[in-house]
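Below: the structure, in structure tokens.
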Amino acid sequence: MRVLVVEDERRLALALKHGLEVEGFEVDVVHDGLSGLARATDHSYDVVVLDIMLPGLNGYRVCARLRAAGSDAGILMLTAKDGEWDEAEALDTGADDYLSKPFSFVVLVARLKALARRIGSRAPQRTVLGDLVVDSAARTCTRAGTPVALTPREFALLDHLARRAGEAVSKRDLLEEVWDAAADGDPNTVEVHISALRRKIDTPFGRAAVQTVRGSGYRLAADGG
């Protein structure tokens with residue numbers, strides 16, 4: 001799960017990053033509201049842990065602007081402000097959950113996992129990228145209206161890249177998300193399947209959707225290539 005922590009208390013932010021990474025989360029951290037808004041807009045996150053009292057732009061406004069822009073990321077407000085009116089305002093601006101400082105780290109992790117499950121259940125089942133359509137529910141892929149036969153592993157790889165279209169995804173991330181415990185840790189495994197994917201969804205159609213990002217991994221073009 002990808003988590004963005006927007007927290008101006010740098011010591012707390014560092015502690016959260018370290019603790020959540022130990023729990024298996026992929027974590028980015030920024031320290032002000034404007035940076036948080038830009039980061040959450042330009043990148044795909046499952047959950048945003050958002051402090052309310054932030055420099056530049058407070059958490060309420062960050063949350064409201066993300067929702068106005070169509071973001072479906074889970075948002076958990078994390079703040080020193082405590083009271084039913086603060087909680088109500090957080091929820092009214094589009095937050096999914098609310099946790100007051102000081103808080104139990106164990107409770108935070110449990111809430112993030114629960115939030116990710118809820119967000120995942122409402123995630124789009126069909127991703128359309130130009131003339132490339134990836135249907136997660138039916139586990140089918142079409143290009144220009146033509147069905148494309150993929151192996152289960154190839155489809156899982158495409159589905160993961162499609163959910164993060166336009167974003168560079170590392171080989172390590174792909175190994176962990178697509179292969180899980182079955183992966184032997186060899187990046188060549190990813191390269192072989194990427195090559196197979198290109199031969200099926202790109203080459204026959206004269207497209208170049210699956211892109212290599214030097215030093216970072218791979219990216220699926222948001223326009224379908």
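The values are calculated or read from the model by the stated rules, or taken from the named source; none is laboratory data. All values reported here derive from a predicted model rather than from experimental measurement. Note: ideal-geometry Cβ built from the backbone for every residue, glycine included; neighbour counts use all protein chains shown. Surface accessibility is based on the protein's heavy atoms, side chains included, excluding ligands, DNA and RNA. Shrake-Rupley method; radii C 1.70, N 1.55, O 1.52, S 1.80 Å.
When the surface is traced with a 1.4 Å probe over the full set of protein chains, H18 keeps roughly 120 Å² accessible. Peptides 208-220, 136-148 ranked from most to least packed, by the mean per-residue count of other Cβ atoms within 10 Å: 208-220, 136-148.
Dipole magnitude for the stretch 1-131: computed about the Cα centre from +1 point charges on Lys and Arg Cβ and -1 point charges on Asp and Glu Cβ, it is near 260 debye. Between the stretch 91-150 and the stretch 187-225, the C-alpha centres lie 22 angstrom from each other. Relative contact order of the stretch 128-170: 28 percent, from C-alpha pairs under 8 Å at least 6 residues apart in sequence.
Nearest 5 percent is fine: what portion of the DSSP beta bridges confined to the chain is antiparallel?
Values: 15 of 33 bridges.
Once the DSSP bridges in the chain are tallied, antiparallel ones form about 45 percent.
Note on L57/D92: beta-carbon distance plugged into 1/(1 + (r/R0)^6) with R0 of 22 Å gives a FRET efficiency of 0.80. Accessible surface of F103, taken over heavy atoms with a 1.4 Å probe and every protein chain present, rounds to 50 Å². Calculated over the stretch 24-102, the projected area of the Cα convex hull averaged across directions stands at 5.1 nm². Computing Rg and Dmax of the Cα atoms in Å for the structure here picks out one of [x] 19.0, 59; [y] 18.1, 61; [z] 17.3, 52, namely [x].
With r as the distance between the Cβ atoms of T212 and R11 and R0 = 45 Å, compute the FRET efficiency 1/(1 + (r/R0)^6) and round to 0.05.
Values: r = 38 Å, r/R0 = 0.85.
E between R11 and T212, to the nearest 0.05, is 0.70.
The calculated FRET efficiency for D131 paired with A38, based on their beta-carbon distance and R0 = 25 Å, is about 0.25. For the chain, the mean residue ellipticity at 222 nm estimated from helices alone is -12000 deg cm²/dmol, where every DSSP H run of n ≥ 4 contributes -39500 (n - 2.57) and the total is divided by all residues, rounded to the nearest 500.
Its relative contact order, with pairs defined as Cα atoms under 8 Å and 6+ residues apart, puts the chain at 13 percent.
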